[in-house]
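The values are calculated or read from the model by the stated rules, or taken from the named source; none is laboratory data. None of these values were measured; they are calculated from a predicted model. With ideal geometry, Cβ positions are generated from the backbone for all residues, glycine too; neighbour counts draw on all protein chains shown.
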């Protein structure tokens, strides 16, 4: 894996929208909070070129990404929001170009598809973390903002008190994953994540229990859980009445499996939403529950 270079105060970050269209008011609010990182921002040329449920045309969104990676002024790339659309542009990206210009790439939700594709074909560590026009304009924005400071000083991340055990064990492997829907969508395509000896992180938003059950079984029947060495469950952000059913579905699915499983990682569609590097080494224990993640920058 290629580790992107750490950031320093005064560096410039490109804000791009590879998926859905950002709300201008939320974008303005998120950018105002982002200033507290000490980083300058440079908006992608096509960020507000709305085309229906997409931020811009496929060609325009690809161009913004390519321009951000090759721009010598830009030291990192943060996505404006998720939504839908990254699977459409994954075949259009120049992965050799990305590999030749390795930079911080930061986003989650629909960006799960690009996080996986960039790792597969460029070998670049990417980041699952809060985005400008969604998380930084929400109630937990100030706490979520703290996640960006791991890009300045490489720090081992440790999560313990937040976690509860579903299945006991110990595991060490590469941390991969993201949104369950996008992970399932990629199965059987050239963009399926490399799950071999990995610790798989899973989060979701607003999906009913039966859909979560169906997607977990889809991954199971595709052999994904034969390859992983551990699973970390993040936030599933469902309605209060649905939450007990989702918890039961998840526990019944993972109880008795051959690898450790914990839940409660505060990452995903939640407030606050903590950023984590993907593609780095991680260690998972359950006595006590603890997830340690190597720094994602060098």
Among strands (runs of 3 or more DSSP E) completely within the stretch 115-179, the ones holding 1 or more residues that are over 16 Å from the mean Cα position of the chain (by Cα) and surrounded by fewer than 24 Cβ atoms within 10 Å (Cβ to Cβ) are 157-159, 164-167, 170-179
Given (1) out of contact with any strand residue (DSSP E or B) (no Cβ under 9 Å at 6 or more places or on another chain); (2) within 18 Å of residue 182 (Cβ to Cβ), where does residue 231 come up short, assuming only one miss? (1)
Would you say residue 277 is touching a residue at least 12 places away in the same chain (Cβ under 8 Å), in contact with a strand residue (DSSP E or B) (Cβ under 8 Å, 6 or more places away or on another chain) and in a strand (DSSP E or B)? yes
Among the residues listed as 107, 116, 85, the single one being touching a residue at least 40 places away in the same chain (Cβ under 8 Å), under 21 Å from residue 194 (Cβ atoms) and in contact with a strand residue (DSSP E or B) (Cβ under 6 Å, 6 or more places away or on another chain): 107
Considering only the stretch 65-105, how many residues are over 19 Å from the mean Cα position of the chain (by Cα), in a loop (DSSP other than H, G, I, E, B) and under 18 Å from residue 121 (Cα atoms)? 2
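Conditions (1) in the same structural domain as residue 136 (by TED's automatic domain parsing); (2) surrounded by fewer than 19 Cβ atoms within 10 Å (Cβ to Cβ); (3) closer than 25 Å to residue 200 by Cβ, marked per residue:
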position	(1), (2), (3)
84	yes, yes, yes
95	yes, yes, yes
101	yes, yes, no
104	yes, no, yes
Tally of residues being at pLDDT 95 or above, surrounded by fewer than 20 Cβ atoms within 10 Å (Cβ to Cβ) and closer than 18 Å to residue 1 by Cβ across the stretch 281-298: 5
Considering each residue of the stretch 40-57, count those that are surrounded by 15 or more Cβ atoms within 10 Å (Cβ to Cβ) and within 21 Å of the chain's Cα centre (by Cα), and give that number. 6
Keeping to the stretch 187-229, report how many residues are under 21 Å from residue 270 (Cα atoms) and in a loop (DSSP other than H, G, I, E, B). 5
Take the conditions touching a helix residue (DSSP H, G or I) at 6+ places or on another chain (Cβ under 9 Å) and within 28 Å of residue 11 (Cβ to Cβ) and apply them to residue 201. Does it pass? no
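Pick out the one residue from 245, 238, 249 that is farther than 26 Å from residue 88 by Cβ and in contact (Cβ under 8 Å) with a residue 40 or more places away in the chain.
Only one candidate passes the filter, namely 249.
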Residue by residue through the stretch 32-64, note down the ones that are outside any loop (DSSP other than H, G, I, E, B) and in contact with a strand residue (DSSP E or B) (Cβ under 6 Å, 6 or more places away or on another chain). 40, 41, 42, 43, 64
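Filtering the stretch 182-197 down to residues that are surrounded by 14 or more Cβ atoms within 10 Å (Cβ to Cβ) and in contact (Cβ under 8 Å) with a residue 40 or more places away in the chain, which residue is farthest from residue 294 (Cα to Cα)?
Taking the stretch 182-197 first, the residues surrounded by 14 or more Cβ atoms within 10 Å (Cβ to Cβ) are 182-187, 191-193, 195.
Those still in the list that are in contact (Cβ under 8 Å) with a residue 40 or more places away in the chain too: 182-183, 185-186, 191-193.
Numbers: 182: 24, 183: 22, 185: 28, 186: 26, 191: 24, 192: 23, 193: 20 Å.
Looking at residues that are surrounded by 14 or more Cβ atoms within 10 Å (Cβ to Cβ) and in contact (Cβ under 8 Å) with a residue 40 or more places away in the chain, I get 185.
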